[in-house]
Amino acid sequence: MSSTLIVLAVICAANPFRVAACAPASVDTRRQAVVVATASTLLAVGLMALLSDPILDLLNVSGSSSRIAAGVAVLIVGIRDLFVQPPSPEPALTGRLAGIMPMAFPTLFTPALVILAISAASARGVVAAFGIIGAVILLVGLIVAANVRGTYWRAAAVGSAGVVIGTLLTLNGVTAI
């Protein structure tokens, strides 16, 4: 699994325009929420990457099979982003806690991102995978903090890329068997 494929898959799984759609409207609250969402997502991704080998061993899944699963998950998230409106910021927790619900969970830290973290750590190593995925999560946080509007069409454009990237990631896993 190449670094480029991981970066593109994470961008599609953590669709910044979908996350921006559920961010608070107030600029100060938005920035606080983005910091909380980014930090909690980085912590969760780091934990998943760190536990990738024990998780795969427990489930008796190979690295190539985890790539196929990650590809299918990104493909499904891409299809969802094509047809489903981004979530609204209401109802949500208030203030900083809006970074937890709905920004970090379930919008930014999706099952696709979990599977990507596990698969990438298995293929590239924990440090490399966390570095790549962490950098993309920080980039997504910066995009959302910059008060970029999260519209359906922008989220759908990233979703269409997710369909392509998910297919490529699945094929990458199949060829690695």
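Per-structure values
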read-out	value
Heavy-atom SASA rank of Arg124, Arg18 (probe 1.4 Å, accessible area, largest first)	Arg124, Arg18
The chain - mean residue ellipticity at 222 nm from DSSP helices (-39,500 (n - 2.57) per run, n ≥ 4, rounded to 500)	-24000 deg cm²/dmol
The chain - convex hull of alpha carbons, volume per residue in Å³	92 Å³
Karplus (6.51, -1.76, 1.60) ³J(HN,Hα), θ = phi - 60°, over segment 151-158, in Hz, Gly and Pro reported as x	9, 4, 5, 5, 5, 5, 5, 5
Solvent-accessible area of Phe105 with every protein chain in place, 1.4 Å probe, in Å² to the nearest 10	70 Å²
Estimated vicinal HN-Hα couplings, Hz - segment 143-150 in sequence order (Karplus 6.51, -1.76, 1.60; Gly, Pro = x)	4, 5, 5, 6, 6, 6, 6, x
Table column - 3J(HN,Hα) (Hz), segment 3-13, Karplus curve with 6.51, -1.76, 1.60, x for Gly and Pro	4, 4, 5, 5, 4, 5, 5, 5, 4, 6, 6
Whole-Å distance, taken between Cα centres, linking segment 33-96 and segment 112-157	9 Å
Residue among Ile55, Ile68, Pro89 farthest towards the positive dipole end of the chain, charges placed on Cβ	Pro89
Lys, Arg +1 and Asp, Glu -1 on Cβ, resulting dipole of the chain about Cα centre, debye, nearest 20	320 debye
Heavy-atom accessible area ranking, 1.4 Å probe, most first, across Arg30, Arg154, Arg149	Arg149, Arg154, Arg30
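The values are calculated or read from the model by the stated rules, or taken from the named source; none is laboratory data. Owing to the predicted nature of the structure, the values given are computational and were not obtained by experimental measurement. Counting neighbours? That spans all protein chains shown, and the Cβs are built from the backbone with ideal geometry, glycine included. Just the protein is used for accessible areas: all its heavy atoms, side chains included, with ligands, DNA and RNA removed. Shrake-Rupley method; radii C 1.70, N 1.55, O 1.52, S 1.80 Å.
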